[in-house]
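The values are calculated or read from the model by the stated rules, or taken from the named source; none is laboratory data. All figures in this text were calculated on a predicted structure; none of them were measured in a lab. For neighbour counting, all protein chains shown are included, and Cβ atoms are generated from backbone atoms with ideal geometry for every residue, glycine included.
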Amino acid sequence: MHPNPAFRQTPEARALAFAAERGFGILSVNADPSPLLAHIPFLLSPDGASADLHLVRSNPILRLLDCPAVIAVSGPDAYISPDWYEVTDQVPTWNYVGVHLRGRLTRLPDEAMRDMLDRQSAAYEHRLTPKAPWTADKMTPDVLTRMMRQIVPCRFLVEEVQSTWKLGQNKPEAVRLAAAEQVETSGIGSETLLLSALMKSPE
């Protein structure tokens, strides 16, 4: 997380809503000789207290359960050229949104996998309207059973929420808006249109 307090004023509820909407992040746990990482989809509970996820059975993270962990959720980002500010004595930077969920990773009983699969797929499928939602009932039962044996249901218990919304809040409004216009048309990064919109209205 960026140390500048100007970028860390976003309410926890907004950070949780952002993480829930993204539904994808990097799970990290400490290990020897180095941290272990896994890119995972997750389903955040309505109150933001936990996130359900699954890992492939061979993932070494499963040997380190009930341990401190972090889910890092990345948002839009873009390079910011000093020239875009239209004022002197500026330096290059990178604007971005990021949310860190800190807590503990636990394992759920294998029997919880089907319910988790149904809830996760429903959450994503309902965003794909007007497409009829996919459901596990479309699978051949024995094929579904074999596939679910390969994955393990887990629950991440959220203990702390941190977020950085680095959107140029430390610049005068006219300067920030000038840079946002350039991000919209010339941005280098990911989801630059979204980042530009957030820079134009950072609150």
Hits in the range 109-125 (condition: surrounded by 13 or more Cβ atoms within 10 Å (Cβ to Cβ) and farther than 22 Å from Asp47 by Cβ): Asp110, Met113, Arg114, Glu125
Looking only at strands (runs of 3 or more DSSP E) that fall completely inside the range 1-60, which ones have 2 or more residues that are more than 30 Å from Gln169 (Cα to Cα)? 36-41, 50-56
If a residue has to be acidic (Asp, Glu) and either surrounded by 19 or more Cβ atoms within 10 Å (Cβ to Cβ) or more than 18 Å from the chain's Cα centre (by Cα) (or both) to count, how many in the range 126-170 make the cut? 2
Sole miss for Val97 among (1) of a type in the set (Val, Ile, Thr); (2) over 23 Å from the mean Cα position of the chain (by Cα); (3) within 24 Å of Ser50 (Cβ to Cβ) is condition (2)
Note on Gly23: of the conditions (1) surrounded by fewer than 16 Cβ atoms within 10 Å (Cβ to Cβ); (2) touching a Pro at 6+ places or on another chain (Cβ under 7 Å), unmet is (1)
Just give me the residues in the range 77-112 being assigned to a helix (DSSP H, G or I), at pLDDT 95 or above and in contact with a helix residue (DSSP H, G or I) (Cβ under 6 Å, 6 or more places away or on another chain), in sequence order. Trp84
Step by step: first the residues of the range 171-181, then only those that are under 13 Å from Thr93 (Cα atoms) and among the charged types (D, E, K, R), then the one that is surrounded by the most Cβ atoms within 10 Å (Cβ to Cβ). Which residue is that? Arg176
Members of the range 53-71 found to be surrounded by 18 or more Cβ atoms within 10 Å (Cβ to Cβ) and closer than 21 Å to Ser163 by Cβ, listed by number: Leu53, Ala69, Val70, Ile71
I'm trying to understand the selection: among the residues of the range 149-192, which are closer than 24 Å to Pro11 by Cβ and either assigned to a loop (DSSP other than H, G, I, E, B) or free of Cβ contacts under 8 Å to residues at least 12 places away in the same chain (or both)? Leu167, Gly168, Gln169, Asn170, Lys171, Pro172, Glu173, Glu191
Of all residues in the range 1-60, count the ones that are of a type in the set (Asp, Glu) and modelled with pLDDT under 95. 1
Select from the range 194-203 the residues that are part of a helix (DSSP H, G or I) and free of Cβ contacts under 8 Å to residues at least 40 places away in the same chain and write down the one among them that is nearest to Ala78 (Cα to Cα). Ala197
